[in-house]
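A short write-up of the structure that comes next.
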Ligand code: CAA
């Protein structure tokens, strides 16, 4: 339990709730540290298979904390190196799902984009308003958005700083699902529980290979996939999965 987040687990799903609703979950440095520490703790916890990140009703997160950032200088930022903390999110091996209600702006959008799957409410709003503050995204927003929707569309959204609806984000391949706002958490949890029943070694090896596809030349990506394919044969779940097929019965994965 942190100062700015709540965490609990249910049936193999670790849930992190952002909890600074009075400032629409604006992400200050302490809060980012708490989120990352909790993600790492769930990642190491064998009983947790999948992680869900959710905000509050009005906001997933309305960005980095502008009050905290306002008086920064290039040197304070260089010395604090705040985005090194964010980089640790990319090292998490388990699936991370974001349940987005309300605003996911600036750093809040970036936090969602660090997650593997994004489920959002019909009235959720995604955007990078940094340009209106005279800056630009700093936690990977320009990179994530461009990889998701291509150069021209990303430039338009980033230059104008306007918010896109969940539907637009969905149509542009930025998020996975759009649901009624009262169903966002339910839908995300049901997807998380479904994933929690899948063989976890497969899930993590797939996650690594898919993310690598964003950066690696095709042959390097294929080589990595191949190594991961071989590695899967060290798991009990591979034996169970293939045996069950051959014995014409449903597989029962134990997670090993
Ligand atoms: N930082 C600090 N405080 C914030 C905040 C933020 N990013 N977003 C909202 N708040 C605070 C507001 O100051 C307000 O506090 P008070 O009640 O003390 O005045 C409270 O949250 C509620 O916000 P509003 O009254 O503004 O609520 P609204 O419904 O009228 O508007 C909003 C909602 C459109 C999201 C508006 O709050 C807003 O524009 N927020 C800032 C969005 C933004 O610019 N985000 C990008 C930040 S920069 C960044 O993230 C850099 C990066 O890449 C890492």
Q. Tell me, what is the Rg over Rh of segment 105-184, with Rh the Kirkwood radius over Cα pairs?
A. 0.95
Q. What is the extension gain from residue 17 to residue 132, computed as 0.36 nm multiplied by their sequence separation minus the C-alpha to C-alpha distance, in nm to one decimal?
A. 38.6 nm
(Q) Compute for segment 1-52: radius of gyration divided by Kirkwood radius, i.e. Rg/Rh, restricted to C-alpha atoms, rounded to two decimals. (A) 1.00
Q | Residue-averaged 222 nm ellipticity for the chain, from DSSP H runs of 4+ at -39500 (n - 2.57), nearest 500 | A | -13500 deg cm²/dmol
**Q.** Simple spin-label estimate for residue 248 and residue 213 in nanometres, 7 Å along Cα-Cβ
**A.** 3.4
Q.
Please compute the length gained on full extension between residue 123 and residue 151, using 0.36 nm multiplied by the number of residues separating them and subtracting their Cα-Cα distance.
A. 7.5 nm
(Q) Just to be sure I understand: if I project the alpha-carbon convex hull of segment 178-256 onto a plane and average over all orientations, what area do I get in nm²? (A) 7.1
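Using the C-alpha gyration tensor of segment 72-132, what are the square roots of 5 times its eigenvalues, in whole angstrom, with the largest one first? Display every interim value, and only then the final one.
Numbers: eigenvalues 119, 65, 7 Å².
Rounded to whole Å, the semi-axes are 24, 18, 6.
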**Q.** Distance between segment 1-31 and segment 88-118 - C-alpha centres, whole angstrom
**A.** 13
Q. Beyond 24 Å, what percent of the Cα pairs of segment 1-101 remain?
A. 24
**Q.** Cα long-axis angle, helix 184-196 against the chain (0 to 90 degrees, to the nearest 10)
**A.** 30
Q | Convex hull of Cα atoms in the chain, direction-averaged projection (nm²) | A | 15.0
Q | the chain: angle of helix 151-160 to the longest principal axis, Cα-based, in degrees nearest 10 | A | 40
Q.
Once R0 is set to 30 Å, what does the formula 1/(1 + (r/R0)^6) return for the Cβ-Cβ distance between residue 165 and residue 230, expressed as a FRET efficiency to the nearest 0.05?
A. 0.10
Q: Using a Förster distance of 41 angstrom, determine the FRET efficiency expected from the C-beta separation of residue 72 and residue 177, and round it to 0.05.
A: 0.70
Q) segment 106-246: D in µm²/s via Stokes-Einstein (Kirkwood Rh, Cα pairs, 37 °C, 0.692 mPa s)? A) 190
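No value in this document is a laboratory result; all are computed from the given coordinates. Fair warning: this is a prediction, and the values are worked out from it, not measured in the lab. Counting neighbours? That spans all protein chains shown, and the Cβs are built from the backbone with ideal geometry, glycine included.
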